[in-house]
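Novice: Handing you a structure now.
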Amino acid sequence: MSGEASSADLQARVDALEAENAELRSSPAVSGASPRRSRAVLAVVLILLGVLLAPVAVVAGWAKWTLTDTDRFVATYAPLSSSPEVQAYVVDQVMAAVDAQVDLGGLTQQLVDGLIALGTGPRATAALQTLQGTATDGLRSLIRDGVTEFVASDQFDDAWAESLRIGHSQLIATLSNDPGAVATISDDGSLGIPLGPIVERVKAGLVERGITVAGRIPPVDRTIVLVQSDQLPTVQLAYGVTIAVGTWLPWLALALLVGGVLVANRRPRALLWAAGGFAFAMALLAITFAVGRITLLTAVPASLLPGSVTGLFYDTATDGMRSTAVAAAVLGLAVVAVGWLAGPFRTPTRLRDVYATGVGRLRGTVDERGLGTGQVGGWVHRHRSLIFGLIAVVAGIVVMATKPLTVSVVGWSAFWVAIAVVVVTLVERPDAVPSATASGPVDSDQVPH
C-alpha cells in the first residue's frame, strides 16, 4: 500500500510540474522571449550586412557614375594635361615613338650623301661627314622642342581629351564585348591612352613651322601605359558587376541599415551601432585608398610609368571615392551624435530638459509681448513629428543626391537641419496655450516650459 501511495504521490507531483511548465510556456513573458530574441538577431544581421556592403556600394556606385561614362571620364582626366609631370612624360613618350618609327640618323645620312653627290671637295666632304652626328642631334632637338612647345599649348589639351575619349570608348567597347571594338587591353594585361592623335597633331605643327622632315613620321601605334598587371583582363568581370549593381547597391546598403534599426528591440541603441559601424567602415575605406596608393607605387616599375605620374593618375581616379568615404564617415558620426542626443539616455535627457526649459521661457517672454504664434504654433505642435520627419527626409535626399559627397555638404546639411529644428521648437505652441488664452488670463504656473 505504501508503494502504491508513493507511486500515486510521485505521479501527482509529475502532473503538477507538467501543469506548471505548461502555464509558464503559455505566459506572455516566455512566449514573447523568442520573438524578441529573433528580432535582435535579425537586427544584428541586417546592420552587419549593411556595414559590410557600404564600402563596396561607394566604390561600385562611384565607378558606375564616373568611370563607365566616357564624358565624365574625360572630364575627370582632362585637367591632367596641364600637369608638368604628365607633360614631361608625354614629351618623352612621343620622342620615343618618333625614334622608334623614324631613323633620324639615316635621314641625316641621306642628306649628307646627297650633298656630297653634288660634287663637294675633299675638305667639304670631310666637314659634312663630321657634322653628320651634330646634325642628327640638332634635328632630334628641333623635333623635341616642337613637341615640348605643342604640349605646353592649348592645342595639347584638345589632343589629350581626344586621346582620352578614344581610349575610353574603345575600352568600354572591349569590356562590353563589342565585336567591333579596338582592344585596349593587350595580351600582357596593359591598359593605356593611345598616342596616335597627339603625334599627328605634333607632326602637323612641325610641318607648318617648316620642319618638313616631320612629314615623314608614319602613323604611330603607341600607348601611354597606365596600368600593367597579369590580372587586369579580369576587369571585364568587375565592369559587368559594376554595371549590374552600381545603381542599386548603395540603396540596398542603406535599406539594410535602416531595416536593422527598425526591427531592433532597442532602436536608439541600434541606431548608434548602425551609424557607428557605417562611420568605421567608411573611415576604413579611406585608409584603404591611402594604402592602395603606396602599394601601386611599389608595384608599378618606374621604367613603365614614373612614380609621380602613377600617383597622379591614381589620385585622379580615387579622389572622388576617397572624399566620399571621408564625408560618409563624418555623416555617420553626425548621425551617432544626433541619435545619442535624441535617445533615452541619462545625459542627453538632462540636456533636452535644459533646452526645453530655456525654450519655454523664451516662448513665454515672446507671448507676453504679443508676438506669439497663436494657432499656427498650435498646428506646428500637433504636427511636429511629421515636420521633423520631413526635415530628415529632405536632408537625406540632399546628401544622397550630391555627387561627389563632401564634408562641406554634410556639414552644411547638419547646420541647416539644426536651424530648422530650433525654429520648429520656437514656433510651436502646446494646444493648451491658445485655448487657455482664449478663455481668459493664464496663470503663470500653468504655462508649460
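The values are calculated or read from the model by the stated rules, or taken from the named source; none is laboratory data. Source: prediction; values computed, not measured. Glycine gets a Cβ as well: all are built from the backbone with ideal geometry, and neighbour counts include every protein chain shown. Please note that ligands, DNA and RNA were not included when accessible areas were found on the heavy atoms of the full protein model with its side chains. Shrake-Rupley method; radii C 1.70, N 1.55, O 1.52, S 1.80 Å.
Novice: Tell me whether the stretch 72-89 contains one or more residues that are open to solvent by 50 Å² or more (accessible area, probe 1.4 Å) and modelled with pLDDT under 80.
Specialist: No, because not a single residue in the stretch 72-89 is open to solvent by 50 Å² or more (accessible area, probe 1.4 Å) and modelled with pLDDT under 80.
Novice: State whether the residues of the stretch 352-373 include one that is buried (at least 20 other Cβ atoms within 10 Å of the Cβ) and either hydroxyl-bearing (Ser, Thr, Tyr) or not in a loop (DSSP other than H, G, I, E, B) (or both).
Specialist: yes
Novice: Residue check: is residue 14 assigned to a helix (DSSP H, G or I) and either open to solvent by 70 Å² or more (accessible area, probe 1.4 Å) or modelled with pLDDT of 80 or more (or both)?
Specialist: no
Novice: Would you call residue 251 under 30 Å from residue 400 (Cβ atoms), open to solvent by 70 Å² or more (accessible area, probe 1.4 Å), modelled with pLDDT of 90 or more and not charged (D, E, K, R)?
Specialist: no
Novice: Pick from the stretch 381-394 the residues that are at pLDDT 85 or above and surrounded by 15 or more Cβ atoms within 10 Å (Cβ to Cβ): which of them is farthest from residue 418 (Cα to Cα)?
Specialist: 387
Novice: Give 267, 293 a once-over and let me know the one that is among the basic types (Lys, Arg), within 19 Å of residue 396 (Cβ to Cβ) and over 14 Å from the mean Cα position of the chain (by Cα).
Specialist: Of the residues listed, the single one that is among the basic types (Lys, Arg), within 19 Å of residue 396 (Cβ to Cβ) and over 14 Å from the mean Cα position of the chain (by Cα) is 267.
Novice: Between a first residue in the stretch 383-402 that is of a type in the set (Phe, Trp, Tyr) and a second residue that is surrounded by 14 or more Cβ atoms within 10 Å (Cβ to Cβ) and part of a helix (DSSP H, G or I), which pairs have beta carbons less than 9 Å apart while being 6 or more apart in sequence or on different chains?
Specialist: Hits for this filter: 388/420; 388/421; 388/424.
Novice: Right, next: Which members of the stretch 300-311 meet the condition of being buried (at least 19 other Cβ atoms within 10 Å of the Cβ) and either part of a helix (DSSP H, G or I) or at pLDDT 80 or above (or both)?
Specialist: Answer for the stretch 300-311, where residues must be buried (at least 19 other Cβ atoms within 10 Å of the Cβ) and either part of a helix (DSSP H, G or I) or at pLDDT 80 or above (or both): 309, 310.
Novice: Taking the conditions exactly as written (loosely packed, with under 14 Cβ neighbours inside 10 Å, of a type in the set (Ser, Thr, Tyr) and at pLDDT 85 or above), does residue 347 satisfy them or not?
Specialist: So residue 347 passes the test.
Novice: Restricting to the stretch 312-337, name every residue that is free of Cβ contacts under 8 Å to residues at least 12 places away in the same chain and either open to solvent by 60 Å² or more (accessible area, probe 1.4 Å) or under 12 Å from the mean Cα position of the chain (by Cα) (or both).
Specialist: Passing the criteria: only 319.
Novice: It is to be established whether one or more residues within the stretch 148-164 are part of a helix (DSSP H, G or I), at pLDDT 70 or above and among the hydroxyl-bearing types (Ser, Thr, Tyr).
Specialist: Yes, that holds for at least one residue.
Novice: Run residue 58 past the list (1) open to solvent by 70 Å² or more (accessible area, probe 1.4 Å); (2) at pLDDT 85 or above and report the number of the one that doesn't hold.
Specialist: (1)
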